[in-house]
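One structure is given below, encoded as structure tokens.
What follows is calculated from the coordinates using simple rules that are stated; it is not laboratory data. None of the values given here were measured: they were computed from a predicted structure. Cβ: placed from backbone, ideal geometry, glycine included. Neighbour counts: every protein chain shown.
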Amino acid sequence: AAGVIQSPRHLIKEKRETATLKCYPIPRHDTVYWYQQGPGQDPQFLISFYEKMQSDKGSIPDRFSAQQFSDYHSELNMSSLELGDSALYFCATREKGPADTQYFGPGTRLTVL
Amino acid sequence: AQSVTQLDSHVSVSEGTPVLLRCNYSSSYSPSLFWYVQHPNKGLQLLLKYTSAATLVKGINGFEAEFKKSETSFHLTKPSAHMSDAAEYFCVVSGSGGGADGLTFGKGTHLIIQP
């Protein structure tokens, strides 16, 4: 079965650089969520999109922004990167309808040097 | 607002013995509850979910969980542990029912399987 695709899987950046993470949902999934998991931490919700509109906002820094495109894929843009942004970034998607199960991608590991 | 508390940060059991991972939740409405598993350097895999259809939920790999409203608990169990069960387990509650609300994770329980 098709799964959530995230790219890149690994990313190394310097401080103050920018990064763009991409998420491609499972077919027929219209809602996308982004989570950040720091080392040894539980995942923290950042932001979500439903039908290309921002739906809910969690602990996303102002330096980060995200959008969902017409094909339902989503991109998380991160600027002025800090050492503390080093983490595993997960995308999760949910299918159309009342079901609330989120299916997670494999994650992008971002390392900021 | 909703929250989950995983009562043990680490649980160690011997292979072939039962597993019990404890989770309590707090929610102002009827929640959806999940257990996810994360193997080292891997993504999050859904083990099982509760959505009020049945209080005893069966998941993958022999895991099950029982929803007890009176105790606000959703403990995860498995009759016989296997070495491949060693991983981090997260108890998770869904948002306020708005559809695109983010999940709230517990702090996780690290399951160690002794040979």
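Work out, in µm²/s and without decimals, the Stokes-Einstein translational diffusion coefficient of the stretch B:13-115 at 20 °C, 1.002 mPa s, Rh from Kirkwood over C-alpha pairs. All intermediate terms of the calculation are to be shown ahead of the outcome.
On the way: Rh = 14.1 Å.
Translational diffusion coefficient: 152 µm²/s.
Only Cα pairs within less than 10 Å get springs; with that Gaussian network setup on chain B, which residue of B:S14, B:S70, B:S26 has the largest fluctuation?
Answer for the Gaussian network model of chain B: B:S70.
Using only alpha carbon positions, build the gyration tensor of chain A, then give the equivalent ellipsoid semi-axes as the square roots of 5 times its eigenvalues, largest first, whole angstrom.
Ellipsoid half-lengths, sorted descending, are 23, 14, 13 Å.
Order of A:D62, A:D42 from fewest to most other C-beta atoms within 10 Å?
A:D62, A:D42
Reachable aspartates and glutamates from A:K96, Cα under 12 Å, same-chain residues fewer than 8 places away excluded?
A:D30, A:E51
Once you put a point 7 Å from the Cα of A:A99 and another 7 Å from the Cα of B:Q45, both along the Cβ direction, what distance in nm separates them?
Taking the two extended label points, one gets 1.9 nm.
Cα atoms only: what Rg and Dmax, in Å, come out for the protein assembly as shown?
Both quantities, over Cα of the protein assembly as shown: 17.6, 51 Å.
Could you state the number of Å between the C-alpha centres of the stretch B:6-41 and the stretch A:1-56?
Using only Cα atoms to place each centre, the spacing works out to 24 Å.
Looking at the square roots a ≥ b ≥ c of the eigenvalues of the Cα gyration tensor of the stretch A:1-58, which shape do they give, rounded for a/c under 1.5, prolate if a/b is larger than b/c, or oblate?
Verdict is prolate for the stretch A:1-58.
May I ask you to evaluate 6.51 cos²θ - 1.76 cosθ + 1.60, the Karplus curve with θ = phi - 60°, for each residue of the stretch B:48-64 and list the ³J(HN,Hα) values in order in whole Hz, giving x for glycine and proline?
6, 9, 10, 9, 6, 6, 8, 7, 9, 10, 9, x, 7, 6, x, 7, 8
If you bin the C-alpha pair distances of the stretch B:1-40 every 5 Å from 0, what whole percents do you get?
That works out to 5, 15, 23, 24, 15, 10, 6, 2, in percent per bin.
How long are the semi-axes of the ellipsoid equivalent to the stretch B:24-66, from square roots of 5 times the Cα gyration tensor eigenvalues, in whole Å, largest first? Provide the component values of the computation, followed by the final result.
Values: eigenvalues 89, 38, 11 Å².
Working through the eigenvalues yields semi-axes of 21, 14, 7 Å.
Assuming 0.692 mPa s and 37 °C, estimate D for the stretch A:52-98 with Stokes-Einstein, Rh taken as the Kirkwood radius over Cα pairs, in µm²/s.
The calculation lands on 260 µm²/s.
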